[in-house]
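The values are calculated or read from the model by the stated rules, or taken from the named source; none is laboratory data. As the structure is a computational prediction, the values presented were derived from the model and not from experiment. With ideal geometry, Cβ positions are generated from the backbone for all residues, glycine too; neighbour counts draw on all protein chains shown.
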Amino acid sequence: MKITKAHINKLEDYLWEIPKSFKPQMRVPARVLASEPLLDAIMEDRSLAQLVNVASLPGIVGASLVMPDVHEGYGFPIGGVAATSYPEGAISPGGIGYDINCGVRLMVSDQKIHTIRDNLEELAKELYAQIPSGMGKGGQIRLSSKDMDTVLSKGAQWAVANGYGAEEDLAFMESKGRLPNADPSMVSDMAKKRGSNQLGTIGSGNHFVEVDYVEEIYDDDIAEAFGLYEGQVVVLIHTGSRGLGHQVATDYIRKMMSAMANYNIEVPDRELCCVPFNSSEGQDYFKAMCAAANFAWCNREVISWEVRTAWQNIFGPDIPLKLMYDVAHNIAKIETHKVNGQEAEVIVHRKGATRAFGPGFEELPLIYKDHGQPVIIPGSMGTCSYVLAGTAKSRELTFGSCCHGAGRRLSRTAAKKQVNAPVLKERLKDEGIFIEAGSFKGIAEEAPIAYKDVNMVVDTVRESGIAKRVAKLRPVAVVKG
DNA sequence: ATGTGC
């Protein structure tokens, strides 16, 4: 059945609900966090049908949720949050995504944009030279099978211990760059092989390394705590677990498709395949997912080292780049949330959604603790990005989650038809944004026109109260696959 | 997203 406005109730400004009564399979209502114009845009693709499907997941609690940057994905929409009861509720690889622990980190310099304007083109080229990018691309590091197991169990700590990272970065990463439940033996040899030369590589698609400057500060206190100020040059890194995470997802989706029947699980779409978290298949996947997440954190740490190398090559020694924060936006976590008025442990699936815990969260570095978790929102290439801070309200509305980006508006194919990439590249150069990319195809697919307006997305999360605006970033140099 | 596809 086609979902229309008639099926959607407005709960409050920026919060919409498709009630449980919409379909018999639904176990909880389906909720959309969006302004009305964004809701209209969301209704253009199959996001809401997928959101409704997710509401039938075994053990789902509260509501099936999507953020304002949602678009359709494999089974689950990208920009979705689903919490299932721990430990017997479902775990579903589709609710995490093929790129396990795809995420973003922000590094901050102590340079002002006007001091490096003349270096930007050179900087873009040097970053492109230092950071392997593109589909299937490997890097310099070849991991032995012993080192691979250490990466999978220790995450970013491996990079630090092996000269590709900085000890002081670890405290500034979600989960300190390491999920303790990882078990390398649950990751297939094929996945390990695919990942063995991919540490320190960004891949393709929407992944990038980008130099930005802070264009505007919205909250002085939080910006100061996060170490951000107007005019400051910063570096944004967006990538995940590459072929390794993709293979883990592929392996376990295949296993769950056949295992599902053993647990009498029926889902409205095969792509929602899942098993009970506490089943053997569920535990195996969770341990493998944690391992792939650790690979991704290590990858972003190694890329930071490459960025620091490029920085030194252009600006000389001793120009520090500090890690502001690193967030995952494709991951499942065991967390405590309020469910039907009671605190309960739940398995929170975030697929294209960022954890956004508010002030007081224990894991945060002391200097951030009074202000909530940094939430990093990359916009599309050549527009702008945001730094937000999580709030207490995110726990009430979205299981402590927020949006993760602008959200795709056009399919890759549609974007390629509409965009003349060489012209776009020149236009952006005229605006002072230098792009270095492996292919014009990649530039076309990632053109700003292919994305929603990130300002509208960020306005929604701000108005709904799940995050505060801290700073707006403007790109000046971009490396893409 | 991904050695683009059973």
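What the table below lists for this structure:
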item	result
Residues within segment A:276-331 that are in a helix (DSSP H, G or I), touching a residue at least 12 places away in the same chain (Cβ under 8 Å) and of a type outside the set (G, A, S), tallied	25
Matching residues in segment A:198-235 - criterion: being at positive phi and away from DNA strand B (no atom under 16 Å from the Cβ)	A:G227, A:G231
Any hit, segment A:342-357, residues being under 24 Å from A:F208 (Cα atoms), in contact with a helix residue (DSSP H, G or I) (Cβ under 8 Å, 6 or more places away or on another chain) and in a helix (DSSP H, G or I)	no
Qualifying residues in segment A:287-324 (those that are surrounded by 24 or more Cβ atoms within 10 Å (Cβ to Cβ) and among the aromatic types (F, W, Y)) - the one nearest to A:G138 (Cα to Cα)	A:F295
Scope segment A:425-446; condition touching a helix residue (DSSP H, G or I) at 6+ places or on another chain (Cβ under 6 Å) and among the hydrophobic types (A, V, I, L, M, F, W, C); matching residues	A:F434, A:I435, A:A437, A:F440, A:I443, A:A444
Residue in segment A:350-363 that is surrounded by fewer than 24 Cβ atoms within 10 Å (Cβ to Cβ), at pLDDT below 95 and not hydroxyl-bearing (S, T, Y) present	no
Flag if A:D326 is touching a helix residue (DSSP H, G or I) at 6+ places or on another chain (Cβ under 9 Å) and at positive phi	no
Verdict on A:D149 being modelled with pLDDT of 95 or more, of a type in the set (D, E) and either buried (at least 24 other Cβ atoms within 10 Å of the Cβ) or within 23 Å of the chain's Cα centre (by Cα) (or both)	no
Some residue of segment A:41-48 being part of a strand (DSSP E or B) and either under 22 Å from the mean Cα position of the chain (by Cα) or free of Cβ contacts under 8 Å to residues at least 12 places away in the same chain (or both)	no
Scope segment A:236-275; condition within 15 Å of DNA strand B (Cβ to nearest atom), polar (S, T, N, Q) and part of a helix (DSSP H, G or I); matching residues	A:Q247, A:T250, A:S258
Restricting segment A:384-432 to residues that are more than 16 Å from DNA strand B (Cβ to nearest atom) and among the β-branched types (V, I, T), the residue that is nearest to A:V108 (Cα to Cα)	A:V387
Among the candidates A:A182, A:A161, residue that is more than 20 Å from A:V104 (Cβ to Cβ) and surrounded by fewer than 18 Cβ atoms within 10 Å (Cβ to Cβ)	A:A161
